[in-house]
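**Student:** Could you have a look at this structure, given as structure tokens, before my questions?
The values are calculated or read from the model by the stated rules, or taken from the named source; none is laboratory data. Small disclaimer: the values here were computed from a predicted structure and weren't measured. Please note: Cβ atoms are built from the backbone with ideal geometry, for glycine as well, and neighbour counts cover all protein chains shown.
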Amino acid sequence: MIYKPTSASALEFASAGRVEEWVHLFLRGEGFNKAFSDGLKLKPRRFYPPELLELNRVKRCCGPEENMKYQIPKDGFEKRVHKIAEKYAAGGWDMPPLIVGREEDILTLNDGNHRYEALKTL
């Protein structure tokens, strides 16, 4: 099995019981989020296979809004969201799944805030 930064690859790893491995490969590679990968390794976690969810069930934690846990500049956020939306709308891109944390019934987007916002835009 060969890792790729795609949903198909994540599903393939999940079917082999290797979701956690895929998550760390993605975060340390194309996801550019090594700090999150390191944080996940600090204690045991449950990793679930990717599944389809309605976007409104998930809350972003990163963006330009004042209420965001991880606030980033608006211009950079919007440019990246626009690029992702264009790439996705053009077709042929198997977007990596969003990485969501669950605490009780609250679903928080832990990685993929730009991809999430691009999907909402489309």
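**Student:** Would you check if there is a residue in the stretch 30-38 being of a type outside the set (Phe, Trp, Tyr), touching a Ser or Thr at 6+ places or on another chain (Cβ under 9 Å) and assigned to a helix (DSSP H, G or I)?
**Tutor:** no
**Student:** Within the stretch 70-84, does at least one residue satisfy the condition of being in contact with a strand residue (DSSP E or B) (Cβ under 8 Å, 6 or more places away or on another chain) and surrounded by fewer than 11 Cβ atoms within 10 Å (Cβ to Cβ)?
**Tutor:** yes
**Student:** Right, next: Please verify whether TYR70 is hydroxyl-bearing (Ser, Thr, Tyr) and in the same structural domain as GLU104 (by TED's automatic domain parsing), treating the condition exactly as stated.
**Tutor:** Against the criterion (hydroxyl-bearing (Ser, Thr, Tyr) and in the same structural domain as GLU104 (by TED's automatic domain parsing)), TYR70 qualifies.
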